[in-house]
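A short write-up of the structure that comes next.
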Amino acid sequence: TVANNGQLNYPRLFLKTINNEGIQSDIDFPQSKAVLSESTCEKLLEYMTYVVTNGTGANAQGKAKKSAGKTATAQTGQYILSHEYLNTWFAGVYPCDNPKYAIVVMTEKGKSGSQDCCPIFRTIVDELENL
């Protein structure tokens, strides 16, 4: 939504259904709708870019230097020997100046979003740059 100037699009895992007779039917998805202002999205993208250029998301920066996103670490409340399992995240967009991709990387039992997830995001955007 942030990368799409405030327009919420609903995720689509498939576009049609096929019944037992092989007849295809389109699926009616909800229309996209504005849920954030463009100025709010611009500011959020600015902050997300800063996270990668100067903050905890530095490991997400690809060769083209066009990544933006946010790291996160979630406590699970599950412990083994006094060590708590953490779920770590990096949610980002690429390229930050005209986003085409929204990518989320999550690691169960991780250390931090920066250590676990940002390098994976970086690998993905470097490969996207080669398309």
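Scan the range 1-90 for chymotrypsin sites (Phe, Trp or Tyr not before Pro) in coil per DSSP, keeping those whose Cβ has at most 16 other Cβ atoms within 10 Å, and list them by number.
Phe14
Give, rounded to the nearest 20 debye, the magnitude of the charge dipole that the range 17-90 has about its Cα centre when Lys and Arg contribute +1 at Cβ and Asp and Glu contribute -1 at Cβ.
In total the dipole reaches around 500 debye.
Rounded to whole Hz and in sequence order, give me ³J(HN,Hα) for the range 125-130 from the Karplus expression 6.51 cos²θ - 1.76 cosθ + 1.60, θ = phi - 60°, writing x for Gly and Pro.
5, 5, 5, 4, 5, 7
Going through the cross-link list Lys63/Lys100; Lys43/Lys63; Lys70/Lys100; Lys65/Lys111, which pairs have a Cα-Cα distance over 21 Å in this structure?
Violating the 21 Å Cα-Cα cut-off are Lys43/Lys63; Lys65/Lys111.
Evaluate the charge dipole of the range 8-131 about its Cα centre and quote only its size in Debye, nearest 20, assuming +1 on the Cβ of each Lys and Arg and -1 on the Cβ of each Asp and Glu.
Once rounded to the nearest 20, the dipole reads 260 debye.
Do you know the relative contact order of the chain, to the nearest whole percent, from alpha carbon pairs under 8 angstrom that are 6+ apart?
It rounds to 20 percent for the chain.
Accessible area per residue of the chain at 1.4 Å probe, in Å²?
Accessible surface, normalised per residue, equals 69 Å².
So I have (1) 0.92; (2) 1.04; (3) 1.09, and one of them is Rg/Rh (Cα atoms, Kirkwood Rh) calculated from this model. Which one is it?
Correct label, based on the coordinates given: (3).
The values are calculated or read from the model by the stated rules, or taken from the named source; none is laboratory data. A quick note: this is a predicted structure, and the numbers were derived from the prediction, not measured. Here Cβ is always computed from backbone atoms with ideal geometry, including for glycine, and neighbour counts include all displayed protein chains. Heavy atoms of the whole protein, side chains included, go into the accessibility calculation; ligands, DNA and RNA do not. Shrake-Rupley method; radii C 1.70, N 1.55, O 1.52, S 1.80 Å.
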